[in-house]
Amino acid sequence: AFAVSVVPEGAEDETELSVLQKPEGSRTISKISRELKEIVFVIQSQSNSFHSKRAEDLKRDILKQAADLGKEFPTVLLIHQMDRHEGAWTILPLMRDFSVTYGRNSSWIFFCEEDTRIQVVKLLEILGRFDRSKEWFLGKALYDEESTIIHHYAFAENPTVFKYPDFAAGWALSIPLVNTLAKRLKSEPLKSDFTIDLKHEIALYIWQKGEGPHLTPVPEFCTDDVNSYKVDYCATTFSNFLPLCGEPVKKEDIFVAVKTCRKFHGDRIPVVKQTWEREAALIEYYSDYADMSIPAIDLGIPNTDRGHCGKTFAILERFLNRTSPRTPWLVIVDDDTLISIFRLRKLLSCYDPNEPLFLGERYGYGLGTGGYSYITGGGGMVFSRIAVQKLLASKCRCYSMDAPDDMVLGMCFSGLGIPITHSPLFHQARPMDYPKDYLSHQIPVSFHKHWNIDPVKVYFTWLAPNTEESHNGKKVGYNREDL
């Protein structure tokens, strides 16, 4: 049985709803067409050719559905084309533009990812339940079961009370709320320098310490697959699969660099060898101490307690100068990163190695004041060879040996005009640091950190080529609920 949507206070009357639910009559079709014109669709797109094509396909699908309904067309925007803002992907900096441009003639801004699928008539029916003259923040609700470092341990006493939207299901802001946010952002800029988990941070800003609107859960905003039995009930669905755009790239086309140091040779490296090392054809371990038993290569750079910029740039130089120029991909991981090279090979089939690519989980620094985006290192950083060539041909280097390597790389690529490419399948933290409902529509590529977990168990549960991967001749199957 499905949850029944509650018609909120201020919703339009029932006769209006019943008309919307039966779009057979010509009058109703024209009414729907007019209402559609009042929605601004914003696709959270990226400029990389693979992602921009998917976003354009979604835009065409929305406009085709609109054409089938009548003459009125909605506005469909692609975030990566709003390049006046380095931080356009963080959305809040766009509120003023949205308010100025659409504040008078629109009712809703509806945001979605490139793989969100939308039933436009159903979406209009859902939005029609809410009084568009009031402030609404709508979405599929996620919440933390435990307080987590990703969210700075927010709501530590009871993290389940705070809800934030799953972007994959789509989410909506009423224009009155957009106008309010635009005014507030003008007088009260975003305080945090870092953007780490955008969906949580947007909800936190809108919530405004309890004075702003909470997220209103909409059960018809779904992340079920388009083939799910729920599809007739959902206004949105999500293509929850690992992209594959042809044959997976060959093992020999990916060079894997593992950053380690002497103090972790005894505990972290054995985990790599028990789990994902066998998936990599080309792999080297880089340390501050040569150890032939691993084997680990001493790069001649002392270990640092904080950032590892010196070590990472030495790895980049080595990749360019010591590996075959026919090896198109470089992956740099920490010694406590758990990664599926098997899945990464599928994912990379969708990217052109002739494009400069810097891929992983995207964070942001100082984006409200002209900062930059970067790939957070713990989840794994993927580079095309041409991206490494362009980077090292530039003058951009570490400002100190212990500078944060991932942030320096982001700053360098930003200066070169090479955009970061985000994939939510890379994870800076452990599986239990994310809502179960969020991970349920993913086929993850990586997780990070060994804190208070059995990393071998996590690997074989979440990342092994299949969930009953043979381990030392034995079948191993774990329940994700236990992790």
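A few remarks follow.
- Checked across the range 372-385, the condition of being farther than 25 Å from residue 338 by Cα, open to solvent by 10 Å² or more (accessible area, probe 1.4 Å) and more than 19 Å from the chain's Cα centre (by Cα) holds for no residue.
- Residues satisfying the stated conditions in the range 328-358, i.e. closer than 30 Å to residue 400 by Cβ and open to solvent by less than 10 Å² (accessible area, probe 1.4 Å): 329, 330, 331, 332, 333, 335, 337, 338, 339, 357, 358
- Single condition residue 205 does not satisfy, out of (1) hydroxyl-bearing (Ser, Thr, Tyr); (2) under 23 Å from the mean Cα position of the chain (by Cα); (3) loosely packed, with under 15 Cβ neighbours inside 10 Å: (3)
- Selection count, the range 152-170, where residues are open to solvent by less than 20 Å² (accessible area, probe 1.4 Å), farther than 13 Å from residue 214 by Cα and not in a helix (DSSP H, G or I): 2
- Residue ID - most open to solvent (accessible area, probe 1.4 Å), chosen from residues in the range 389-405 that are in contact (Cβ under 8 Å) with a residue 60 or more places away in the chain, assigned to a helix (DSSP H, G or I) and within 13 Å of residue 317 (Cα to Cα): 389
- Residue ID - farthest from the chain's Cα centre (by Cα), chosen from residues in the range 133-146 that are open to solvent by 60 Å² or more (accessible area, probe 1.4 Å) and within 27 Å of residue 174 (Cβ to Cβ): 133
- Any hit, the range 340-361, residues being farther than 24 Å from residue 300 by Cβ, in a loop (DSSP other than H, G, I, E, B) and touching a Gly at 6+ places or on another chain (Cβ under 6 Å): yes
- Checking 99, 106, 49 one by one, the residue that is of a type outside the set (Val, Ile, Thr), touching a strand residue (DSSP E or B) at 6+ places or on another chain (Cβ under 8 Å) and not assigned by the TED database to the domain that holds residue 442 is 106 and no other.
- Enumeration of residues in the range 208-237 that are assigned to a loop (DSSP other than H, G, I, E, B), open to solvent by less than 60 Å² (accessible area, probe 1.4 Å) and either among the polar types (S, T, N, Q) or under 13 Å from residue 171 (Cβ atoms) (or both): 213, 215, 218, 220, 222, 223, 228, 235
- Residue 385 vs. criteria in contact (Cβ under 8 Å) with a residue 24 or more places away in the chain, more than 28 Å from residue 238 (Cα to Cα) and among the basic types (Lys, Arg): yes
- Residue list for the range 435-461, filter: in contact with a Ser or Thr (Cβ under 7 Å, 6 or more places away or on another chain) and part of a loop (DSSP other than H, G, I, E, B): 441, 445
- When the criteria are applied in full, residue 149 meets the requirement of being farther than 26 Å from residue 126 by Cβ, touching a residue at least 60 places away in the same chain (Cβ under 8 Å) and either assigned by the TED database to the domain that holds residue 372 or surrounded by fewer than 17 Cβ atoms within 10 Å (Cβ to Cβ) (or both).
- Contact annotation: residue pairs with Cβ atoms under 7 Å, 6 or more positions apart or on different chains, pairing a residue in the range 243-271 that is open to solvent by less than 50 Å² (accessible area, probe 1.4 Å) with a partner that is basic (Lys, Arg), are 248/345; 248/346; 249/345; 254/345; 259/311; 260/268.
- Among the conditions (1) outside any helix (DSSP H, G or I); (2) open to solvent by 50 Å² or more (accessible area, probe 1.4 Å); (3) modelled with pLDDT of 95 or more, residue 57 misses just one, which is (1).
- Selection of the range 272-309 for residues being of a type in the set (Asp, Glu), crowded, with 17+ Cβ neighbours inside 10 Å and out of contact with any Cys (no Cβ under 7 Å at 6 or more places or on another chain) yields 279, 284.
The rows are residues; the columns are (1) modelled with pLDDT under 95; (2) in a helix (DSSP H, G or I); (3) among the hydrophobic types (A, V, I, L, M, F, W, C).
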residue: 35; (1), (2), (3): yes, yes, no
residue: 41; (1), (2), (3): no, no, yes
residue: 46; (1), (2), (3): no, no, no
residue: 61; (1), (2), (3): no, yes, no
residue: 71; (1), (2), (3): yes, no, no
residue: 99; (1), (2), (3): no, yes, no
residue: 112; (1), (2), (3): no, no, yes
residue: 131; (1), (2), (3): no, no, no
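The values are calculated or read from the model by the stated rules, or taken from the named source; none is laboratory data. Just so it is clear, the model here is predicted, and its values are computed rather than measured. Methodologically, a virtual Cβ is constructed for each residue, glycine included, from the backbone with ideal geometry; neighbour enumeration extends over all protein chains shown. Calculation scope for accessible area: heavy atoms of the full protein, side chains included, ligands and nucleic acids excluded. Shrake-Rupley method; radii C 1.70, N 1.55, O 1.52, S 1.80 Å.
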